[in-house]
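Input: a single structure, listed below in structure tokens.
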Amino acid sequence: MKIPFLSFNAMHSHIKIEIMQAFEAFYDSNWYVLGKQVTEFEQAYANFNQTTYCVGVSNGLDAIHLALLALNIGEGDEVIVPSNTYIATWLAVSYVGATIVPVEPDIRTYNIDASEIEKAITAKTKAIIPVHLYGQACAMDEILQLAEKYNLFIIEDNAQSQGATWNNQITGSFGHANATSFYPGKNLGALGDAGAVTTNDAFLADKIKVLRNYGSNKKYYNEAIGHNMRLDECQASILKVKLNYLTDWTRQRQTIASWYNEALQNIGDLRLPFVHDNATHVYHLYVVRTAQRDALQQYLTKEGIGTLIHYPVPPHLQNAYQSLGYNQGAFPIAETIANSCLSLPMYPGITSQEVSLVCKSINDFFKK
């Protein structure tokens, strides 16, 4: 039996009729950019995310970029980011000309270590971007306290944790302007690129709406030097349907994680996901760590089991950021995670039998 790392079959087959109906309504409307579908999805996602406003944009990277622009962060400013994250978090800071200031993660949760942030704050620091990585919420209490103490903006990167909570408050609702992605593989995924910014600030929401649309609030009248970073009507219509199923899909992911947790206890040096007492985890990814990661991945591949590494090269060691001058060892915790992490198959629709086969193969590998 082959077990892919990711499959949309169970999710998409279940809602295919609804998706086709939504597409037909979009198609027949003859209105394809910034219309009813986007407006209705923005309201629905704002309600889900317990924020006053949601602004649909082209993708998650553009969402962070627009949030930074709306907060007037740019050249001469410093932005604190995790050393352990997908490179998009760093790229958005580069786009506005601000200085990237990486902070190491907590080795247990893989999220930015809130206790290390204060050491990185200077007179030039303008914002903190906490990334709720793999599906677990960051330690937001301490981050909020630091932001208040030093008068800093918070921009959450919530691309992987839609629906997760910290102390019962949903991620994407803590910061001043918060970014999320609806890339197809995300827990709430479009059928192409899509993203959004959530906020409780009416001024910021309006500013981002202008910036996403050529700097224009009225056709052919431009208030600012803007961008073409709009969520399109087609993706919005599909996301509207899928949002109705997100809570159920999240429960399925949490159940699947419990199967893994039960079956993978005390196997070799395998480290399972750690969930903080104050956080919930929505398991965008189920990430394990082992010093034998590469050999384990090769073994599972031979057994027909798909896995991925999130992420094999941390941002500070990417060629794109050679100019920052970071060498091997600059951020050892991020490097340790990059060298030892492995993401196992995780998606709604994977069966307990399939998870059992994955776990048996992992157990067999360590026995050998």
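The values are calculated or read from the model by the stated rules, or taken from the named source; none is laboratory data. What you see is a predicted model, and the numbers here were worked out from it, not measured in a lab. All Cβ positions, even for glycine, are placed from backbone atoms using ideal geometry, and neighbour counts span all protein chains on display.
Results, tabulated for the structure shown:
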read-out: Options G185, G192; residue that is in the same structural domain as A70 (by TED's automatic domain parsing) and under 11 Å from the mean Cα position of the chain (by Cα); value: G185
read-out: Flag if Y220 is in contact with a Gly (Cβ under 9 Å, 6 or more places away or on another chain) and either more than 28 Å from E104 (Cα to Cα) or not hydrophobic (A, V, I, L, M, F, W, C) (or both); value: no
read-out: Total residues in region 255-299, condition hydroxyl-bearing (S, T, Y) and touching a residue at least 60 places away in the same chain (Cβ under 8 Å); value: 5
read-out: Single residue of region 7-23 satisfying the filter (surrounded by 14 or more Cβ atoms within 10 Å (Cβ to Cβ) and aliphatic (A, V, I, L, M)) that is nearest to the chain's Cα centre (by Cα); value: M11
read-out: Residue within region 98-109 that is surrounded by fewer than 21 Cβ atoms within 10 Å (Cβ to Cβ), in a helix (DSSP H, G or I) and of a type outside the set (S, T, N, Q) present; value: no
